[in-house]
1. Show me the strands (runs of 3 or more DSSP E) found entirely inside segment 1-92 where at least 2 residues are away from the ligand (no atom under 16 Å from the Cβ) and open to solvent by less than 20 Å² (accessible area, probe 1.4 Å).
2. Test of understanding: among ILE10, ILE54, which residue is under 24 Å from THR97 (Cα atoms) and not basic (Lys, Arg)?
3. Which one is surrounded by the fewest Cβ atoms within 10 Å (Cβ to Cβ), of the residues in segment 111-141 that are within 14 Å of the ligand (Cβ to nearest atom) and in a strand (DSSP E or B)?
4. So, VAL144, is that one out of contact with any Asp or Glu (no Cβ under 7 Å at 6 or more places or on another chain), surrounded by 23 or more Cβ atoms within 10 Å (Cβ to Cβ) and free of Cβ contacts under 8 Å to residues at least 60 places away in the same chain or not?
5. For the condition open to solvent by 20 Å² or more (accessible area, probe 1.4 Å), more than 14 Å from the ligand (Cβ to nearest atom) and in a helix (DSSP H, G or I), what is the one hit in ARG179, ARG186?
Amino acid sequence: MSRKRVAILISGRGSNMAALIAAAKAADYPAEIALVLSNVPGAGGLAAAAAEGIATATVDHKLYGRDREAFERAVQAELETHAIEIVCLAGFMRILTPWLVSRWQDRMINIHPALLPAYKGLDTHERALADGAARHGATVHFVVPEMDAGPIILQGEVPVLPGDTTETLGKRVLEVEHRIYPEALRMIATEYRLS
Ligand code: GRF
């Protein structure tokens, strides 16, 4: 079995990254985490990845001012250096332009803490609570130029319980994220062969 070379792009603590790294330790997992890249120098997830012996890179968007494409060219260069085949966005807090997204069509996925198409964007738990939603959850989807809008790969649902706060609801959703992201990556990294 040839394992797909995966890059995880993060901006923060990287708990979804850690879930993907843990899953990829299984001998039968169809992907290996070959690179963790952050746009934020010193992001917590970088140290965790390095401690696992995974290559890390930082491309600080602040060094590129308003030139999003120059930032993305630097990201793309890292992805090419590490011969990456699939990109997982995991708490990566930069909006990507069509320049990069089109290069990774069907090979770049994201996790979003809501049941898309509900609650695109930020503060999803706050908005679900404010609406009195009965159910909430997380979605793994392909990345397209429009934010949080690509085809859905997998969703996981949780109930919203009486007395929930953004913290208790967010924690329940995060547990689902950690379950569905490795499963979604397994799905898209798997090559079915007839022979
Ligand atoms: C997660 O809730 C993810 O769904 C969202 O950003 C958060 C990142 O958390 N896109 P972590 O860095 O994976 O812990």
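1. Ranges flagged: 31-38.
2. ILE10
3. HIS141
4. No; evaluated as a whole, the condition is false for this residue.
5. From the options ARG179, ARG186, the qualifying one is ARG186.
The values are calculated or read from the model by the stated rules, or taken from the named source; none is laboratory data. Remember, it's a predicted structure, so these values are computed and weren't measured experimentally. No Cβ is skipped: glycine too gets one built from the backbone with ideal geometry, and neighbour counts run over all protein chains shown. Areas reflect the complete protein model, heavy atoms only, side chains present, ligands, DNA and RNA absent. Shrake-Rupley method; radii C 1.70, N 1.55, O 1.52, S 1.80 Å.
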